[in-house]
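**Student:** Take this structure first; my questions come after.
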Amino acid sequence: MLVYLTALETEQEKTKFEQLYLTYRQTMFYVANSILHDSQLAEDAVHQAFLRIMDHMGNILEVECPQTKSFVVIIVKNIAINFYNRRKKQSVLSFDELADWSAERTATPKNEMEAQEGYDCLIELIGRMPESYRSVLLLKYDNGYSTAEIASMLDLTEENVKKRIQRARKKLEQILGTEEVNT
C-alpha cells in the first residue's frame, strides 16, 4: 500500500485511498478471483484496479457508500475480464454480483417505498443485461460519471462508451417491453 500512497499528493487523498484500500481490497479480490479462478491473476487485477482508482480519487466523495462500492467493483471486474479474455481469448462471461450489490443498498424512508421498489425492479432488469451494458449504465446513471470518465475507467474510447450506452438503453427498453407484455 505504501507504493500507492507515495503516488498521491495530499494527505486527504492518502487518507481516503487508505480507507478505500482497507474497505474494498477483499471484495475486489473476491470479484477478480471469481472471474479469473487464479489468485495471482486476481491480485494483479486488484493492483491494476487500485492504480486506475487513484486516477479518479476526486470523483469519490464518500468511501463507504453504494456508489463507491459499485464503482470499485465495476473497475476490478472489467480489469479481471480483460485479463480473462487475454488469457483465454474468448468472451464467455457470467456475472450475478449485481443482485448482491442491490441487496446491500441501505433502506429508504417509508414515504419513498414505491420509488425504492421501482429502483429495485430496474436494478433487477439491468442485472439481466450483458455485463458490458450493465457496467456502463451503472457508471453513467447510478454513479453519474461522464462519458469521458467512463471511457477512461474502462479503457475504452468515448465513441465506444456512447455506443454501448445507446445499445444498453435499447436493450433495456426491449426488456421493459417484454416485462409489460408478460404482466
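**Student:** With a 1.4 Å probe and all protein chains kept in place, how much accessible area does residue 15 have, in Å² rounded to the nearest 10?
**Tutor:** Rounded to the nearest 10, the figure is 70 Å².
**Student:** Quick one: which of 14/163; 77/140; 77/163; 14/162; 14/69 span more than 26 angstrom between C-alpha atoms?
**Tutor:** Exceeds cut-off: 14/163; 14/162.
**Student:** So for 134, 25, what's the accessible-area order with a 1.4 Å probe, most first?
**Tutor:** Listed by decreasing accessible area, they come as 25, 134.
**Student:** Then there's this: How much accessible surface area, in Å² rounded to 10, belongs to the heavy atoms of residue 30 with a 1.4 Å probe?
**Tutor:** Taking all protein chains as shown, residue 30 has close to 150 Å².
The values are calculated or read from the model by the stated rules, or taken from the named source; none is laboratory data. These numbers were taken from a predicted model, which means no experiment stands behind them. Surface areas here come from the heavy atoms of the whole protein model, side chains and all, with no ligands, DNA or RNA. Shrake-Rupley method; radii C 1.70, N 1.55, O 1.52, S 1.80 Å.
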